[in-house]
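Novice: Mind having a look at this structure? Questions to follow.
The values are calculated or read from the model by the stated rules, or taken from the named source; none is laboratory data. Small disclaimer: the values here were computed from a predicted structure and weren't measured. Note that each Cβ is placed from the backbone with ideal geometry, even for glycine, and that neighbours are counted across all protein chains shown. Only protein heavy atoms, including side chains, enter the accessible area calculation; ligands, DNA and RNA are left aside. Shrake-Rupley method; radii C 1.70, N 1.55, O 1.52, S 1.80 Å.
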Amino acid sequence: MRSLLGLCPLFLALLFGAGPALAGKRVALVLANSSYQYAPSLANPVNDGAVMAKTLKDAGFEIVESRHDLSALETRRVLRDFADATRDADIAVIYYAGHGIEVEGSNYLIPVDAKLERDTDVYDQGLSLDRVLVTVEPAKQLRLVILDACRDNPFGKTMKRTVVSRGIGRGLAQVEPNSPNTLIAYSAKAGFTAQDGDGANSPFTMALSKHLTTPGLDVRRAFGFVRDDVLKSTGNKQEPFVYGSLGGEDVPLVPVKVVAAAPVAPVANPQAADIRRDYELALQVGNRPAWEAFLAQHPDGFYANLAKLQVDKIGAEQAHAAATEKAKQAEAERDRLAALGAQKDAQAKAAADAKAAEQAQLAAQKAKEQVQQQAAAAAEQQRVNLAAAAPGAAPASTASPAGASVASLTPTTAPVDLSRLVQTELGRVGCFSGQADGNWNTTSRRSLSQFNRYAGTKLDVKVASTDALDTVKSKPSRVCPLVCEHGFMADGDTCTKIVCREGYAINDDNACEKQRIAKPATAKPAIAKRDDGDERSARQRRQAGGVAGGYGAAAGIAAAASAGRASGGGQIFCNGGSCRPVNRGCHLEYRGGGGPGNDANAEVCN
């Protein structure tokens, strides 16, 4: 890309010489804990604290208090003293490096004398993040708390749980500051841990010292550059995150000094109207040959610089498109080889090519967005330049004669506005059901991931980009399927309640199913009860038979014959010689005795 140094001298004067006035009082507190008494020592925090203290002092902060390896009592005293310095400050910054843990959704900084034998000890021995926020609350313009403390909990393995359900998280928990103009920066986003790095300083602190105090750089953009550096240095394993929000004005930690610039007399250009007309015509055509033709006709000047940026923008878009196509081809080749069962080395090479192509695609996309932002920034700065230089010029916010042309370029969109636009478009295509509030959170990233799945795209879901906005806008109708609750079915873009006819009900599969009619309960068959009288009679008969059986075999036969007559059968008379039926009209009587020559029974006839 051609250097922007070729722009007009007045633009350079505005870019490097003019800017917001110097901020008021700026104060900072740097805390670093390395030598823990009841936990393993940390190598980098004290080094990181020294680097940040020097960075802030070099940036012109009026007060930079730096302390390290403090106990809980000493930390509270230092915070109390620093609170006095923030009462008349415009910007207040607290930087902390050391151990920090999350318990029940609240974050605590750990002093060097903390023992934490049980989970409730953190309430007495730790220092809550809310206590730190109270310290910077009096600052008028910016309250900034930076935590390089997202490390593993050193007490996690030995700490006793007083309540089983009490949660002790990994890293630090997400926060939402209640005070306005407050930012809280984590070295790693909520729920993740940070790396100390291989050198004397952590990757997060090194990136902070590089970008945070850049003159004129808004603090939000500075943390964006910090994020990019840390992701790159850690192989995308650690992503810093910032919580909170600021207003629409830029808030740099180190404003650009105001340098008086000599007034430049406007030079009348009778051909300005013709050049602007040619520029607008090239802008309508919008391809590389049109811009090259314009530059051949007008190689220098205000519109020539804008045209060169447009050429760079088209080149970045073409490179991004080529990288995207190459990534698709590499992925298709990898899938084809896997389906054919190719050799492992061939599949590995295809997978590596696909990964390299995907990385090239992401790099091209990032380059495209950078070029778009630079083109928009240059166009806006040039518009302000012309408006200020023109005789009797209106304020910079008023459209200049070149406003129609400049407005046609990619506008400078604030990150929150861009996120809100992407959320709105995702909602239109059925992939986002939340409120378009501009907060690019987990729900928004999941929605864009759903869009990628059903639209067959590979947009970066970590941030809301202009590429994502253009891609989602290109879809004329719903992309993500409509998901309805149980008892409802999708009807176009709405969910309609399912109504089943009589005798049918909705089953677990959301379909109408015939109900089974419950059978009436039948009476159980009566169980015959034993007659105690019959049992008693049978028992008496057994007893009687037992007595009769005690007088010999003949007595047993007579007893049996007597039982037979009672049931309607004939009697049998037996003696020592033989047995015979009892004569009609006669019956047997037991006379006792029995034995040889003495019958036990006698036949008695009426």
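Novice: Quick check: with the 1.4 Å probe, what order do LYS232, LYS349 take by accessible area, largest first?
Specialist: Per-residue accessible area, sorted high to low, gives LYS232, LYS349.
Novice: Using only alpha carbon positions, build the gyration tensor of segment 172-258, then give the equivalent ellipsoid semi-axes as the square roots of 5 times its eigenvalues, largest first, whole angstrom.
Specialist: 23, 18, 9
Novice: Hey, what's the Cα Rg ratio for segment 70-210 versus the globular rule of thumb, 2.2 N^0.38 Å?
Specialist: On the way: Rg = 15.3 Å, N = 141, 2.2 N^0.38 = 14.4 Å.
Normalised by 2.2 N^0.38 Å, the Cα Rg of segment 70-210 equals 1.06.
Novice: Still on this structure, please answer the following. Using a Cα-Cα cut-off of under 16 Å, which lysines could be cross-linked to LYS473, ignoring same-chain neighbours fewer than 8 residues away?
Specialist: Within the straight-line cut-off, LYS473 pairs with LYS458.
Novice: I've got another one for you. Do any of LYS232/LYS326; LYS232/LYS355; LYS257/LYS462; LYS54/LYS115; LYS328/LYS462 go past 25 Å between their Cα atoms, and which?
Specialist: Violating the 25 Å limit, Cα to Cα: LYS257/LYS462; LYS54/LYS115.
Novice: I would also like to ask the following. Within straight cross-link reach of LYS313, meaning Cα distance under 12 Å, which aspartates and glutamates are found once same-chain residues fewer than 8 apart are removed?
Specialist: Straight-distance partners of LYS313: GLU369.
Novice: Same structure again: Under a cut-off of 13 Å between alpha-carbon atoms, report the aspartates and glutamates in cross-link reach of LYS308, not counting same-chain residues fewer than 8 places apart.
Specialist: Within the straight-line cut-off, LYS308 pairs with GLU292, ASP300.
Novice: Count the net charge of all other residues whose Cβ sits under 11 Å from the Cβ of ASP121, scoring Lys and Arg as +1 and Asp and Glu as -1.
Specialist: 0
Novice: Under 15 Å from a point 7 Å along the Cα-to-Cβ line of LYS257: which residues of segment 206-247 have their amide N that close?
Specialist: From segment 206-247, the list is 215-216.
Novice: Calculate the radius of gyration of the Cα atoms of segment 444-510 to one decimal place, then report Dmax, the largest Cα-Cα distance, as a whole number, both in Å.
Specialist: 16.9, 54
Novice: Still on this model: In vacuo Debye scattering of segment 272-375, one point per C-alpha: log10 I(q)/I(0) at q = 0.20 Å⁻¹?
Specialist: -0.91
Novice: Additional query: Taking 0.36 nm per residue of separation and subtracting the Cα-Cα distance, what length does fully extending ARG118 through TYR454 add?
Specialist: 116.1 nm
Novice: With just the Cα atoms of segment 70-149, tell me how far they stretch along each of the three principal axes, in Å, largest first.
Specialist: Principal extents (Cα only, largest first): 40, 24, 18 Å.
Novice: Using 1/(1 + (r/R0)^6) with R0 = 60 angstrom and r between the beta carbons of VAL163 and ARG277, what's the FRET efficiency to the nearest 0.05?
Specialist: 0.20
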